[in-house]
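To keep things clear, I will list the structure first and then write my remarks on it.
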Amino acid sequence: MSNDSQGPLWEVFVQKKAGQPFVHCGNLHAYDKEMALQNARDLYTRRGEGMALWVVPSSAIVSSSPEDMGSFFEPSNDKIYRHPTFYQIPDGVGHM
Amino acid sequence: MGVVNFEDLFEAKLAKNDIIEPKDWMPDNYRKHLIRQISQHAHSEIVGMLPEGNWITRAPSLRAKLVLLAKVQDEGGHGLYLYTAAESLGTSRDEMLDALLTGKAKYSSIFNYPTLTWADVGAVGWLVDGAAIMNQVMLQRTSYGPYARAMVRICKEESFHQRQGYELMTHLAFGTPAQKEMAQDALNRWWYPTLMMFGPPDIESPNSENALKWRIKRETNDELRQRFVNQTMPQIEYLGLVVPDKNLKWNEAKKGYDFSEPDWTEFKAVIKGNGPCNKERLASRNKSHSEGAWVREAAAAYAKKQNENYQAA
Ligand SMILES: [Fe+2]
Ligand SMILES: [Fe+2]
């Protein structure tokens, strides 16, 4: 085992069609970015699943943690005025 | 809420059919159970490439060869999706590969049977992938997110595997008498090993209870096995082939077939390493792994150099 590794982990994002957002579809091991991109193509787009790919070293991803979920997202919970339904628009002015 | 009881939160999530994600708190035994199950599943996909890979160079037509290559490549992909799903639980790729190559890890007993004729390629796609699909469709709703997502992707890819196998069987079953005999022989040899794929009977399945409690599995071994037999029988009848089981018959009361259990002593022997091909499979994996070592070394050295150049610039 020892130094015979499979290379670092990369996260793969695929864009299904032009104009659509890139969506996370999985991860893979590769030694460098070129290989990561080629492996992503072979692993995640064998059946026309996308037309563009991003690969990102997993170590570069920063994420929120589930334990802090409550307090982390709390600031938005009481701000109902951020939603369109908070406002009263008179009938007769058409769709708004 | 004052002190948060993680175990209660976890149980509450499962009760609501919520999905557990890698960073969520989970009991150690849940984690261990998943690492074992997912890595074994990954190993099965990888070792599963060998029995069919055996026929790629001898496929009887270019079409058959392309199909088989595509299928075997998919299985390699399935192994990779599953390895990373297991890694999200804190094990490493190297650890898992090491366990496989040293014979410490288990994989599905079915891949320790030989593919003796071209009909076996059909039988494997039709029956073995068919049984795997039945299990994997259930696992699409397993409680661990990365495993469930890998299964959704895998299930999408699997249906071509089963269909190409059945198509191959129809060619043989409706071909010359010798071809039909070859198809029957393949069914005879693959029937019981396929039934074993669902695992031991519920009454003696050591891991089932926890797996069901944790919603890792949602149906029992016997339930899946029964469904597989019910679904496969019309397909066998269409081919005009005969199941190698004299006790198999329709049971109107349970709206399903009665059938004989596979030989569970044989199952245990194969799991323990004494199947017809265990040694050969392990030797093949070890051979290709060590023959690929120079590629991994070169790629790692190249990546390191590129990194150094990047930092220097
Ligand atoms: Fe597979
Ligand atoms: Fe398959």
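Rule-based calculations on the coordinates, nothing more; no lab input. Here the structure is a predicted model, which means the values were calculated and not measured. Because the Cβ atoms are built from the backbone with ideal geometry, glycine has one as well, and the counts that use them run over all protein chains shown.
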Listed residues B:ALA123, B:ALA132, B:ALA293; largest mean-square fluctuation, Gaussian network over chain B with Cα springs below 10 Å, found at B:ALA293
State to the nearest 20 debye the size of the charge dipole of chain B about its Cα centre, where the only charges are +1 on K and R beta carbons and -1 on D and E beta carbons.
440 debye
With each pseudo-label sitting 7 Å past Cα toward Cβ, what's the B:LYS156-B:SER284 distance in nm, one decimal?
2.9 nm
Sites A:SER65 and B:ARG218, calculated FRET efficiency, Cβ-Cβ separation with R0 25 Å, nearest 0.05
0.30
On full extension of the chain, what length is gained from B:ARG63 through B:ASN5, given 0.36 nm per residue of separation minus the C-alpha to C-alpha distance?
15.1 nm
Cross-link pairs beyond the 20 Å C-alpha cut-off, checked among B:LYS71/B:LYS104; B:LYS13/B:LYS217; A:LYS16/B:LYS156; B:LYS180/B:LYS255; B:LYS16/B:LYS213:
B:LYS71/B:LYS104; B:LYS180/B:LYS255
If amide H atoms are built 1.01 Å from N in the plane of the peptide, which residues on other chains or at least 5 residues away come under 5 Å of the amide H of A:LEU9?
A:SER58
Label points 7 Å out from Cα along the Cβ direction at B:SER260 and B:LYS16: separation in nm?
5.1 nm
Within the set B:ARG189, B:ARG58, B:ARG296, GNM on chain B using Cα springs under 10 Å gives the largest fluctuation to B:ARG296
Neighbour-count ranking [beta-carbon atoms within 10 angstrom, fewest first] of B:VAL270, B:VAL242, B:VAL128
B:VAL242, B:VAL270, B:VAL128
With x for Gly and Pro, the residue-by-residue ³J(HN,Hα) of the range A:84-94, computed from phi through the Karplus equation 6.51 cos²θ - 1.76 cosθ + 1.60 at θ = phi - 60° and given in whole Hz, is x, 6, 5, 9, 9, 10, x, 5, x, 9, x
For the protein assembly as shown, what is the mean residue ellipticity at 222 nm derived from helices alone (per DSSP H run of n ≥ 4: -39500 (n - 2.57); sum divided by total residues; nearest 500 deg cm²/dmol)?
-17000 deg cm²/dmol
With x for Gly and Pro, the residue-by-residue ³J(HN,Hα) of the range B:54-62, computed from phi through the Karplus equation 6.51 cos²θ - 1.76 cosθ + 1.60 at θ = phi - 60° and given in whole Hz, is 3, 9, 4, 6, 10, 4, x, 8, 5
Which of the aspartates and glutamates could a cross-linker span from B:LYS23 if the Cα-Cα distance has to be under 14 Å and same-chain partners fewer than 8 positions apart are dropped?
A:GLU67, A:ASP68, B:GLU87
Once amide H atoms are built 1.01 Å from N in the peptide plane, which residues 5 or more positions from B:GLY256, or in another chain, come under 5 Å H to H?
B:ASN251
Calculate, in nm to one decimal, what B:GLU252 and B:TRP294 gain on full extension: separation in residues at 0.36 nm each, minus their alpha carbon distance.
9.1 nm
What is the order of B:PHE198, B:PHE174, fewest Cβ neighbours within 10 Å to most?
B:PHE174, B:PHE198
Through the Karplus equation 6.51 cos²θ - 1.76 cosθ + 1.60, θ set to phi - 60°, convert the phi angles of the range B:276-292 into ³J(HN,Hα) values in whole Hz; use x for Gly and Pro.
x, 10, 3, 5, 4, 4, 5, 5, 5, 4, 5, 5, 5, 5, 6, 5, x
A:PHE86, B:PHE259 arranged by Cβ crowding within 10 Å, fewest neighbours leading
A:PHE86, B:PHE259
Once you place label points 7 Å from the Cα toward the Cβ at B:ALA301 and A:THR85, how far apart are they in nm?
6.4 nm
